[in-house]
Amino acid sequence: AGIADFPIDKFDAIIAINLSSAWHMMRASVPHMRAKGWGRIISTASAHSLVASPNKSAYVIAKHAIAGLTKTIALETATDGITVNCISPGYVWTPLVENQIPDTMAARGMTRDQVMNDVLLAAQPTKEFVTPEQVAAFALFLCRDEAKAITGANLSMDGGWTAA
């Protein structure tokens, strides 16, 4: 729904789930990481942390804010052996995404392939979903010593969605 019709309670829930929870986690974790002189914070943002879409104001706000939170906490912890990054995938093939397909098919009178290619993957030039395994492998890399110079970054893995 557009902003004029978006339910306030739904907005608050989306912000709580997608933003406030990350802030609380970072607030609780940073003192322990500082005490050890090492830590890795990796948040999940979204391609929507880099671009906007109509009728998704709460989600886009939350994901843009995750990118800002990442940068802020990275600067606050820059000399503490802690890195703070966010991964911004495009559409990830999950049960949540898969379960949206039948409703979209019915609402738009489309086939499964049309929904996947013309709706879900329309913005991803590769026309391939990101897999959970790819996101996990990227996160594991960010935990390695070889990645210690990467901090404060919003790292896209969106099949080229945000390249345009």
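A few notes on this one:
- Pairs are defined by a Cβ separation below 7 Å, a sequence spacing of at least 6 or placement on different chains, a first member in the stretch 85-111 that is under 24 Å from residue 40 (Cα atoms) and modelled with pLDDT of 95 or more, and a second member that is of a type in the set (Lys, Arg) and part of a strand (DSSP E or B); no pair meets this definition.
- Within the stretch 31-54, at least one residue is under 18 Å from residue 156 (Cα atoms), in contact with a Cys (Cβ under 8 Å, 6 or more places away or on another chain) and aliphatic (A, V, I, L, M).
- Extreme residue, farthest from residue 15 (Cα to Cα), among residues of the stretch 35-55 that are crowded, with 16+ Cβ neighbours inside 10 Å and more than 9 Å from the chain's Cα centre (by Cα): 39
- Among residues of the stretch 120-140, those that are over 19 Å from residue 51 (Cβ atoms) and surrounded by fewer than 13 Cβ atoms within 10 Å (Cβ to Cβ), counted: 5
- Filtered residues of the stretch 66-96 (kept if closer than 26 Å to residue 30 by Cβ, under 15 Å from the mean Cα position of the chain (by Cα) and surrounded by fewer than 19 Cβ atoms within 10 Å (Cβ to Cβ)): 68, 71
The values are calculated or read from the model by the stated rules, or taken from the named source; none is laboratory data. This is a predicted model, so every value here is computed, not measured. We place every Cβ from the backbone using ideal geometry, glycine too, and count neighbours over all the protein chains shown.
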